[in-house]
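Structure record follows, encoded as structure tokens.
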Amino acid sequence: MIGPCARPRTLITARVVDASRPAAGYGVIRVEPEHEVEARPGQFAMLGVPGGCRATLHRPMSILGSGATLDFLIREVGRGSRALAGLVEGDDVQMIAPLGTPFPAPTKGERVVLVGGGVGASPLLFQARLAARQGARPTMIYGGRAGRDLVLADEMRQVCDLVCVTEDGTLGERGLATDPLAAALAAGGVDRVLACGPLPMMEASAALALEAAVPCLVCLEALMACGFGACLGCAIPAAGGGYLYACSDGPVLAAERVDWERMRAA
């Protein structure tokens, strides 16, 4: 299956209006685009890397919040992400946004458990903020290797019933994010699971939800060159054969549409 190529996209210039370093290896930037960008949780932007670092391809970044400004949580992984995390107030950045399919809008009365790890918490916090506007307070299970990785915990507490889990026990419970998810599903009363983060966490969350007969949506992370279905570089093995494309079919997908075994082996 060939992924659909969206209509031509145009570059938007945005000015950095705020920048911070919430923890070592992480940066948060707020940008003001030249025109308002209406994005939904799960969608992303392709951010142009500052020219000085010699990285030519844009970098896909989940949108943490949208409107007159857009927020991004960036983890420093390589040369491009380090340059983006190092942007300061007054810098300009080129971007294409919004891209991808979002999570469904929060439904009043729906009991949702969010499961996030690392920068995967960004679209989940965005979703929780929308739910809070409806008077809802979803459960958020926020996992990481150590407390320093849960950089959005304070913001999460404002809109979620937050459960922090770290592998070294430095913040919250010691263990994996899927441990409290298994307990929540066993207790019953969960209508939907939304997951975003490392592949093993999403695969395990999907398996637990499937076993409990609870719908699960995942927000996939993938390397991308274009972000809108032209390069076909973000192929995701599809259940039943063939491929989906994270940028155009996703990044938000029903978990059962993904062939997790093939994805793990890729």
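Before moving on, here are some points about what is shown:
- Long-range amide H partners of Phe103 with built H, under 5 Å: Gly42, Gln43
- Helix content alone sets the calculated 222 nm mean residue ellipticity of the chain: runs of n ≥ 4 DSSP H residues at -39500 (n - 2.57) each, divided across all residues, give -6000 deg cm²/dmol.
- Residues whose placed amide H lies under 5 Å from that of Val49, excluding near-sequence neighbours: Arg59
- Scanning residues 5 or more positions from Glu76 or on other chains, those with amide H under 5 Å from its amide H are Tyr26, Gly27, with H placed 1.01 Å from N in the peptide plane.
- Ordering Val151, Gln94, Val163 by the projection of their Cα atoms onto the charge dipole of the chain, which places +1 on the Cβ of Lys and Arg and -1 on the Cβ of Asp and Glu, puts Gln94 at the extreme positive end.
- Computed 3J(HN,Hα) for the range 239-244, one whole-Hz value per residue from the Karplus formula 6.51 cos²θ - 1.76 cosθ + 1.60 where θ = phi - 60°, is 4, x, x, x, 9, 10, glycine and proline marked x.
- Global geometry of the range 112-265, whether rounded, prolate or oblate, following the gyration tensor of its Cα atoms and the 1.5 cut on a/c: prolate
- Overall, the anisotropy analysis places the range 127-201 in the oblate class: the square-rooted eigenvalues a ≥ b ≥ c of its C-alpha gyration tensor yield a/c not less than 1.5, with a/b not exceeding b/c.
- Rounded if a/c under 1.5, otherwise prolate or oblate - the range 12-99, Cα gyration tensor axes: rounded
- Summary of the geometry: the range 184-206 and the range 219-266, compared by the centres of their Cα atoms, lie 19 Å apart.
Read-outs throughout are calculated quantities, based only on the coordinates presented, and are distinct from any laboratory measurement. Owing to the predicted nature of the structure, the values given are computational and were not obtained by experimental measurement. Please note: Cβ atoms are built from the backbone with ideal geometry, for glycine as well, and neighbour counts cover all protein chains shown.
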